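Some notes on the structure that comes next.
The values are calculated or read from the model by the stated rules, or taken from the named source; none is laboratory data. A quick note: this is a predicted structure, and the numbers were derived from the prediction, not measured. Positions of Cβ are generated from backbone atoms using ideal geometry, with glycine treated the same way; all protein chains shown enter the neighbour counts. For the accessible areas, the whole protein counts, side chains as well, though only heavy atoms, and no ligand, DNA or RNA atoms are used. Shrake-Rupley method; radii C 1.70, N 1.55, O 1.52, S 1.80 Å.
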Amino acid sequence: MNQMRIAGLATGLDTDQIIRDLMRVERMPLDKLYQEREWVNWQRDALRDINLALTEFRDRYSRLRLQGTFNAYSIHSANSAVVTGSATASAVPGAYDLQVHQLAKVARFDSIKPIEKDGEKVTSSTKILAADEQATEFKIKVPAHLDSEDEYITIKVTHEDTYGSLARKINNAQDEAGRSLGLRASFDEATASFYISTREMGADQEIVIEDVDGDFVQKHILGVDATYDWTNSGHIRREEVSAGTYRYAVSGQNASITFDGKTVDDLTTNQVTIHGIQLNLLSTTAEDESVTIRVESDPDEVFELVKEFVESYNELIEDIDKQLNEPRYRDYPPLTEEQRRELTEREAELWDERAKSGLLRHDNELRSLLTNLRRALSDPVEGIGLGELRSLSEIGIQTGDYSFGGRLFIDEEQLRQAIAEKPDEVMNLFTRRAPDDISDGDQAAHTGLGHRVYEQLNAAVNRLRDRAGRPGMTSADQSTLGKNLSRIDEQIDRYELRLQQVEERYWRQFTALEKAMNEMNQQSLWLQQTLFANMGGYSS
């Protein structure tokens, strides 16, 4: 229960202001705690930002550890209308002859002729059945998508169906277990035709449509009448199931090629990888013709990657070095809320800039990281044979003297020449792994530069995560700084409770003073009244 507060009625004192001034002095240690918490929070955010930058850099250039990164080849097709391609890490330089005998195809039903009603082309909104026609149905199956080759799905056609809605029914058809038939079905208004196909290619793909009764499929899906000559039906096969009732079927097709004298005819797609070359088949070749595909080394790709790595590395270490040497202004602690209210927005902004300066000044962990990265890139790789590339300086990348803070400098001509003339040695310089018989202490010296940088960055990321936590984490942060913030919060909670008690004590004391003063005033008034009364009686 709050105690009644009496403010200056008897004493005439401005009790509110006096207690505020007293509490301002009492709050000074609490303000220090708030400022300490703000500083630690800023420091944690700064370390998390650096850790995020290290993680992104590590992940972006982790492929410098992989041999496939340095096996860069370009593909040149003599006829890009027939085939295009790209190289994988296992591509082998050379020239190859390719013949494309046939392309892989889906199983596809197209209307043979535009579908008409009363001599006019139908549209997707045209009702299929006339008012005097009975509802009907037909069956459809895609054996590759069903457990049994004899299993059909029935499509019902009602008086509400249009050609557009029938296409949607076919497209969404499922068996009793809820499995899709894997079809793509649409009705095209421009041609007044159905287009029904499997989603996959290959000779094992097939679509079978069968009338239940009558000639619905022939008339309303294929667009032909009884006079049509089926001997010229092309890829659509027709089989009579019963008198006047037919089954129609189409099949897909495998791709068939001859690559460098070897024939492959069971391809169920037009994208195939042979000898490390990813081929994209676009059309067939004439029977006696072939297309030459050349696989050539592409030093430009490796050059650009290494150059980009150096540029990004320089940006990363320059940013870290800047924060390590940023001045610390101890006369500019974080502003309290009361201090911030007393400043203009611009003044508070300038103060914050000074207050946040030097958050990571002379940070031992970051200084150690820069030293380790500098050594990882400048020390030669042990165990490489005499006369082979063993250091960055031999491929045109210099670390410069210590005053440059570990920045790398590229001689682009020397780097390009090394990649073009000694691609295997450049690859070994970055990707070499230490032999198993090397002691743990010598592993790093025998390890390629790509592995070294990755390991140093990975270790730093883990250490900074233990120290500052993950970006975005606020609750349950068990990092070193996170625990420190929790400790400060507990101190703040305890001190705020203590201040409440101190303020209550001040109010009790001043309230007691007011009561005492009030009693004295009443006694004084009584004495005055008594005195004047006696004096009046004596004079009379």
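Would you mind telling me which numbered condition in (1) touching a residue at least 60 places away in the same chain (Cβ under 8 Å); (2) of a type outside the set (A, V, I, L, M); (3) exposed (fewer than 15 other Cβ atoms within 10 Å of the Cβ); (4) in a loop (DSSP other than H, G, I, E, B) residue 329 fails?
Here residue 329 clears every test but (1).
Do we find that residue 408 is closer than 14 Å to residue 449 by Cβ and touching a strand residue (DSSP E or B) at 6+ places or on another chain (Cβ under 6 Å) in this structure?
yes
Taking the stated definitions as given, is residue 505 at negative phi and either in contact with a Ser or Thr (Cβ under 7 Å, 6 or more places away or on another chain) or surrounded by 11 or more Cβ atoms within 10 Å (Cβ to Cβ) (or both)?
Judged against the criteria, residue 505 is not a match.
Consider residue 295 against the criteria (1) open to solvent by 10 Å² or more (accessible area, probe 1.4 Å); (2) not in a helix (DSSP H, G or I): it satisfies all of them except one. Which criterion is unmet?
(1)
Applying the selection to the range 435-483, what residues are more than 18 Å from residue 64 (Cβ to Cβ), at pLDDT 90 or above and among the acidic types (Asp, Glu)?
466
Filter the strands (runs of 3 or more DSSP E) completely within the range 138-250 down to those with at least 2 residues that are open to solvent by 60 Å² or more (accessible area, probe 1.4 Å), touching a residue at least 12 places away in the same chain (Cβ under 8 Å) and farther than 30 Å from residue 265 by Cα.
Counting at least 2 such residues, we get 153-157.
Residue by residue through the range 384-420, note down the ones that are polar (S, T, N, Q), assigned to a loop (DSSP other than H, G, I, E, B) and modelled with pLDDT of 90 or more.
391
Which residue is surrounded by the fewest Cβ atoms within 10 Å (Cβ to Cβ), if the candidates are limited to the range 94-125 and must be among the basic types (Lys, Arg) and under 44 Å from the mean Cα position of the chain (by Cα)?
Looking at residues that are among the basic types (Lys, Arg) and under 44 Å from the mean Cα position of the chain (by Cα), I get 108.
If the Cβ limit is 6 Å and pairs must be 6+ apart or interchain, which residue in the range 288-302 that is closer than 21 Å to residue 68 by Cα pairs with which residue that is among the aliphatic types (A, V, I, L, M) and surrounded by fewer than 17 Cβ atoms within 10 Å (Cβ to Cβ)?
294/95; 299/420
Go through (1) out of contact with any Ser or Thr (no Cβ under 9 Å at 6 or more places or on another chain); (2) closer than 26 Å to residue 247 by Cβ and name the single condition residue 174 misses.
Among (1) out of contact with any Ser or Thr (no Cβ under 9 Å at 6 or more places or on another chain); (2) closer than 26 Å to residue 247 by Cβ, the lone unmet condition for residue 174 is (1).
Select from the range 142-173 the residues that are hydroxyl-bearing (Ser, Thr, Tyr) and within 20 Å of residue 252 (Cβ to Cβ) and write down the one among them that is modelled with the lowest pLDDT.
148
For the condition of a type outside the set (Phe, Trp, Tyr), outside any helix (DSSP H, G or I), open to solvent by less than 30 Å² (accessible area, probe 1.4 Å) and touching a residue at least 60 places away in the same chain (Cβ under 8 Å), what is the one hit in 46, 91, 81?
Testing whether each residue is of a type outside the set (Phe, Trp, Tyr), outside any helix (DSSP H, G or I), open to solvent by less than 30 Å² (accessible area, probe 1.4 Å) and touching a residue at least 60 places away in the same chain (Cβ under 8 Å) leaves just 91.
So in the range 80-98, with the set limited to residues that are among the polar types (S, T, N, Q) and touching a Ser or Thr at 6+ places or on another chain (Cβ under 8 Å), which one is modelled with the highest pLDDT?
Checking each candidate, the answer is 84.
State whether the residues of the range 485-497 include one that is touching a Ser or Thr at 6+ places or on another chain (Cβ under 7 Å) and closer than 24 Å to residue 17 by Cβ.
No, the range 485-497 contains no residue that is touching a Ser or Thr at 6+ places or on another chain (Cβ under 7 Å) and closer than 24 Å to residue 17 by Cβ.
Find the residue count for the range 351-367, including only residues that are in a helix (DSSP H, G or I) and either surrounded by 13 or more Cβ atoms within 10 Å (Cβ to Cβ) or in contact (Cβ under 8 Å) with a residue 12 or more places away in the chain (or both).
Counting residues in the range 351-367 that are in a helix (DSSP H, G or I) and either surrounded by 13 or more Cβ atoms within 10 Å (Cβ to Cβ) or in contact (Cβ under 8 Å) with a residue 12 or more places away in the chain (or both) gives 8.
Considering the range 233-248 alone, what residues qualify as being within 49 Å of the chain's Cα centre (by Cα) and closer than 15 Å to residue 216 by Cα?
Listed by number, the list holds a single entry, 248.
Considering only the range 426-460, how many residues are surrounded by 19 or more Cβ atoms within 10 Å (Cβ to Cβ) and part of a helix (DSSP H, G or I)?
Residues in the range 426-460 being surrounded by 19 or more Cβ atoms within 10 Å (Cβ to Cβ) and part of a helix (DSSP H, G or I): 16 in total.
Has the range 370-382 got at least one residue that is in a loop (DSSP other than H, G, I, E, B), under 22 Å from residue 420 (Cα atoms) and at pLDDT 90 or above?
The answer is yes; a qualifying residue exists.
Sort through 428, 458, 462 and tell me the only one that's free of Cβ contacts under 8 Å to residues at least 24 places away in the same chain and closer than 30 Å to residue 391 by Cα.
After applying the criteria, what remains is 462.
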